[in-house]
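Everything below concerns the one structure shown next.
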Amino acid sequence: CKSQPRHSDPSAQKSPQSPKERPKAPGQQEFSMGNVFGKKKPLKEVLREQKRQITRAIREMEREQRGLEKNEAQLKRDIKKQAENGQMKSVKIMAKDLIRTRNYITRFIEMKSRLQGVSLQLSTVKSHQALAESMKR
């Protein structure tokens, strides 16, 4: 049996759009240090904006996490009530939901710690920039 050739038409491999023309995913922002009129933002300002966005995202995740923890507590109470009534099928379903909720909480904690790490890296870049500026003088 003959196998397909590894190399096909080179024009078929290229995407019809150049990288500049590709549509961006929703919520994806293009990072540039300048604006439409060509005035460049200083690095300090860009870092400040990025850090602000990260802090906002961390707060939002903490809110989501608190909501999930409240949901977890409610599920525990409901499981106890259903177990007392002998509704074992519903207890089993709720227990799976409880495990899923705990996993979500763990993921939120992991994401929050990653964002805090990025925030720390931004602080490091900011301090390096300040050091470079002071050395130029």
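Of Arg77, Arg102, Arg66, all but one fail to be touching a residue at least 24 places away in the same chain (Cβ under 8 Å), open to solvent by 100 Å² or more (accessible area, probe 1.4 Å) and in a helix (DSSP H, G or I); the exception is Arg102.
What residue, of Lys96, Lys92, Lys136, Lys126, is touching a residue at least 60 places away in the same chain (Cβ under 8 Å), out of contact with any strand residue (DSSP E or B) (no Cβ under 6 Å at 6 or more places or on another chain) and open to solvent by 70 Å² or more (accessible area, probe 1.4 Å)? Spell out the reasoning first.
On the way: Lys96 fails: touching a residue at least 60 places away in the same chain (Cβ under 8 Å); Lys92 fails: touching a residue at least 60 places away in the same chain (Cβ under 8 Å); Lys136 fails: touching a residue at least 60 places away in the same chain (Cβ under 8 Å).
After ruling out the rest, the residue left standing is Lys126.
The values are calculated or read from the model by the stated rules, or taken from the named source; none is laboratory data. Since the structure is predicted, the reported quantities are computational estimates derived from the model, not experimental observations. Glycine also receives a Cβ, built like all others from the backbone with ideal geometry; neighbour counts cover every protein chain displayed. In case anyone asks, the SASA skips ligands and DNA or RNA and just uses the protein heavy atoms, side chains included. Shrake-Rupley method; radii C 1.70, N 1.55, O 1.52, S 1.80 Å.
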